[in-house]
Amino acid sequence: MKRRTPMPRVPGAAQARLAGTRDLARRDFIVALGAAAAWPLAARAQQPVRIAKIGHIESGLPSSSPNLLAAFRQGLRELGYVEGQNLFIERRYAEGREERLPQLAEELVQFGVDVIFAIGPPQALAAAKTTDRIPIVFVGGGDPVAMGLVKSLARPGGNLTGLTFVTVELASKRMQAAAQALQSRSVAGASSFR
């Protein structure tokens, strides 16, 4: 059986300092233990913010559609995506040479964008021929079904979706609606003059 060595007897103030040293060591140990337990939480909280990468492809020049791009950025800001903070937009402009669109779309795919924003059907078609895994959002005129961009307006299918201004196709409907509105107004006007 081992014999324990007794603690040396220390008079008065020195004994209090020795007891305080033990308390200090115990406190240091508890603080270190707490810090070690909190370390994973702090590390997780300091994870870098994931930056969303949007590829933007357009036929014109950077000055071609400033209002559309301003509205696009504003909409993204409203959704919590701010360029320079958690959003990066990689832009490609064909500068009026549409034959460059396939190469520009390929550059965006190689850059590793999360989504492609195509301004116009030719840009969307070039992007669609380049990738079938990256989502493509297009905006432009014409019938996207007739152009081969989507299967149907109700269910686009594939990796393309977007907004279209079907202006030419709806022109006759608009004329009919305008004529009906004018006819109704003239009848109402005629009946009020009787």
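Of note:
- Matching residues, the range 52-69, being farther than 15 Å from G120 by Cα and part of a loop (DSSP other than H, G, I, E, B): S63
- One residue alone among G162, G141 is under 24 Å from L61 (Cβ atoms), surrounded by 10 or more Cβ atoms within 10 Å (Cβ to Cβ), out of contact with any Leu (no Cβ under 9 Å at 6 or more places or on another chain) and modelled with pLDDT under 85, and that residue is G141.
- Considering the range 111-132, and only residues there that are touching a Ser or Thr at 6+ places or on another chain (Cβ under 7 Å) and not β-branched (V, I, T), the residue that is surrounded by the fewest Cβ atoms within 10 Å (Cβ to Cβ) turns out to be P122.
- Annotation note: of L108, L76, the sole residue that is under 18 Å from the mean Cα position of the chain (by Cα), part of a helix (DSSP H, G or I) and either at positive phi or surrounded by 19 or more Cβ atoms within 10 Å (Cβ to Cβ) (or both) is L108.
- When the range 111-156 is filtered for residues that are among the hydrophobic types (A, V, I, L, M, F, W, C) and in a strand (DSSP E or B), the ones remaining, listed by number, are V115, I116, F117, A118, I119, I136, V137, F138, V139.
- The condition of being of a type in the set (A, V, I, L, M) and closer than 21 Å to P66 by Cα holds for only one of L108, L160, L149, that being L108.
The values are calculated or read from the model by the stated rules, or taken from the named source; none is laboratory data. Just so we're clear, the structure is a prediction, and the values are computed from it rather than from any experiment. Methodologically, a virtual Cβ is constructed for each residue, glycine included, from the backbone with ideal geometry; neighbour enumeration extends over all protein chains shown.
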